[in-house]
Amino acid sequence: MKPITQLVLPVLLAGCADVEDPDHSGGHTHGVTTTAVLYFTPEDGGETLSFSWSDPENDGDPVIDDILLPDASTHNHHDTLTYTLDVELWNDLEDPAEEVTPDIENTAEEHQVFFTGSAVESSATGNNDDAIISQEYDDADADGLPLGLASTITTLDWGSGALTVTLRHMPPENGEAVKTEGLAADVAADGFSAIGGEDDIQITFNIEVE
């Protein structure tokens, strides 16, 4: 894991209750998320870059890395570089620390990761002339709907901005699925209030393409 650096932007953590919680509904089986790691691997080969958000005490005082992504330039204009992005989640309150990612994968029909912010163009932002990266989903649940633990990231230009990563939990309500097709477009049009469920985590990183 990349060494932790200073906190740069506000972060919201809304961890889910543990499975032992008798008042918790929706069959959600994973616990609190206290660490999130983003792994960027160049598509054409090269070193994997990792950047993390960490609140191991779950006390609302997280530390967060700046995301610094090289592009493919070797001269004075931008050349695109494509990365695979893998998101990994941990609960450090367990001893030993427990990886939460497999539980998200096992309940993929209730979860989706959304990528928003001033620096990104994605299905959850729509067109963004100021974007320095684009994001496309590389994984899906059993119904073919996007999950977001794996994505393709493409550098679009030099510059900096904000990248917000939101893991949304959307268990069925009254026997009806809450996770449905087109949720990212709904977020792009009207924000997260336009969709059901609640945020498990919502993390904002500073990101720079250099």
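For this structure, a couple of remarks:
- Cross-chain or 6+ apart pairs with Cβ under 6 Å, the stretch 110-128 first and within 12 Å of residue 162 (Cα to Cα), then of a type in the set (S, T, N, Q): 115/122; 115/135; 116/125; 116/164; 117/164; 120/135; 121/128; 121/134
- Hey, residue 167 under 27 Å from residue 54 (Cα atoms), at pLDDT 95 or above, surrounded by 21 or more Cβ atoms within 10 Å (Cβ to Cβ) and not small (Gly, Ala, Ser) or not: yes
- Looking at 138, 103, 157, just one residue is in contact with a His (Cβ under 6 Å, 6 or more places away or on another chain), modelled with pLDDT of 95 or more and surrounded by fewer than 18 Cβ atoms within 10 Å (Cβ to Cβ), and that residue is 157.
- Residue that is farthest from residue 209 (Cα to Cα) [pool: residues in the stretch 172-187 that are of a type outside the set (D, E, K, R) and buried (at least 19 other Cβ atoms within 10 Å of the Cβ)]: 183
- Here residue 128 fits the description: part of a loop (DSSP other than H, G, I, E, B) and modelled with pLDDT of 95 or more.
- Any chance residue 116 is under 13 Å from the mean Cα position of the chain (by Cα) and on the phi < 0 side of the Ramachandran plot: yes
- Single residue of 71, 79 found to be touching a residue at least 60 places away in the same chain (Cβ under 8 Å), assigned to a loop (DSSP other than H, G, I, E, B) and over 14 Å from residue 38 (Cα atoms): 71
The values are calculated or read from the model by the stated rules, or taken from the named source; none is laboratory data. Fair warning: this is a prediction, and the values are worked out from it, not measured in the lab. Using ideal geometry, Cβ is built from the backbone for each residue, glycine included, and neighbour counts are taken over all protein chains shown.
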